[in-house]
Amino acid sequence: MSNPFVVEIKRLPGSDGLPLPQKMSELASGFDLHAAIEEPMTLAPGERALVSAGFALAMPAELEAQIRPRSGLAFKHGITALNSPGTIDADYRGEVKVLLINHGQEPFVIERGERIAQMVFQLVPQVNLTEVEELGATVRGAGGFGHTGTR
């Protein structure tokens, strides 16, 4: 196994006593994020809210962090991350927050310390865009939005 990337994490005020992001199993790809809120927060059906995760990051330029929904919250309650995956760029130093939405039928109460999302780190390749007059042809061509199937 190669050497891991070092990602610095800073606990922010209001997160005292809460766990920092953590993997819940040895081979999990995501770090669970906890709600760093002072009081319970109720999300009505269709309502969205930014929920503090209580920390900020500094990561190498080769990485991005993606904020993704937790499958259990989505399945059981219809709670998901609205801009999924949300991207945290390597040069961002602000507080990590999760944009949650309630797609369920009932109000959902978010409790302090509840696991609300997961954070997955991904490599970001260096890319140079080159403007050209024509693009190379493919069998698919410009077909999209259901072009390759009947549904």
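Could you please find all residues in region 50-88 being more than 27 Å from Pro4 (Cα to Cα), surrounded by fewer than 17 Cβ atoms within 10 Å (Cβ to Cβ) and of a type in the set (A, V, I, L, M, F, W, C)?
Across region 50-88, the qualifying residues are Leu50, Ala74, Phe75, Leu82.
Which of (1) touching a Gly at 6+ places or on another chain (Cβ under 6 Å); (2) of a type outside the set (S, T, N, Q); (3) at positive phi is the odd one out, the single condition His34 does not satisfy?
The failed condition is (3).
Go through region 30-42 and report how many residues are in a loop (DSSP other than H, G, I, E, B), within 16 Å of Leu99 (Cβ to Cβ) and under 14 Å from the mean Cα position of the chain (by Cα). Write out each step before concluding.
So in region 30-42, the residues in a loop (DSSP other than H, G, I, E, B) come out as 30, 35-40.
From what's left, within 16 Å of Leu99 (Cβ to Cβ): 35-37.
Now restrict to residues that are under 14 Å from the mean Cα position of the chain (by Cα): 35.
Counting residues in region 30-42 that are in a loop (DSSP other than H, G, I, E, B), within 16 Å of Leu99 (Cβ to Cβ) and under 14 Å from the mean Cα position of the chain (by Cα) gives 1.
So in region 109-126, with the set limited to residues that are buried (at least 19 other Cβ atoms within 10 Å of the Cβ) and either in contact with a Ser or Thr (Cβ under 6 Å, 6 or more places away or on another chain) or among the hydrophobic types (A, V, I, L, M, F, W, C) (or both), which one is nearest to Glu38 (Cα to Cα)?
Among those that are buried (at least 19 other Cβ atoms within 10 Å of the Cβ) and either in contact with a Ser or Thr (Cβ under 6 Å, 6 or more places away or on another chain) or among the hydrophobic types (A, V, I, L, M, F, W, C) (or both), it is Ile110.
So which residues in region 101-148 are in a loop (DSSP other than H, G, I, E, B) and among the hydrophobic types (A, V, I, L, M, F, W, C), if there are any at all? So that I can check it myself, show each step before the final result.
If we filter region 101-148 for residues that are in a loop (DSSP other than H, G, I, E, B), which is where we start, we get 103-107, 111-114, 124-148.
Those that are in a loop (DSSP other than H, G, I, E, B) and among the hydrophobic types (A, V, I, L, M, F, W, C): Val124, Val127, Leu129, Val132, Leu135, Ala137, Val139, Ala142, Phe145.
Tell me, yes or no, whether region 43-55 has at least one residue that is on the phi > 0 side of the Ramachandran plot and within 17 Å of the chain's Cα centre (by Cα).
Within region 43-55, the first condition is being on the phi > 0 side of the Ramachandran plot, and the residues that meet it are 46, 54.
Then drop every residue that is not within 17 Å of the chain's Cα centre (by Cα), which leaves 54.
Checked against the condition, which is being on the phi > 0 side of the Ramachandran plot and within 17 Å of the chain's Cα centre (by Cα), region 43-55 yields at least one hit.
Could you tell me whether Asn102 is surrounded by fewer than 17 Cβ atoms within 10 Å (Cβ to Cβ) and on the phi < 0 side of the Ramachandran plot? Give the derivation first.
Details: surrounded by fewer than 17 Cβ atoms within 10 Å (Cβ to Cβ): no; on the phi < 0 side of the Ramachandran plot: yes.
So Asn102 fails the test.
Yes or no: region 1-22 includes at least one residue that is surrounded by fewer than 13 Cβ atoms within 10 Å (Cβ to Cβ), charged (D, E, K, R) and part of a loop (DSSP other than H, G, I, E, B).
Yes, region 1-22 has at least one match.
No lab work stands behind these numbers, since they all come straight from the coordinates. Predicted model only: the values in this text are computed from it and were never measured. All Cβ positions, glycine included, derive from the backbone under ideal geometry; neighbour counts span all protein chains shown.
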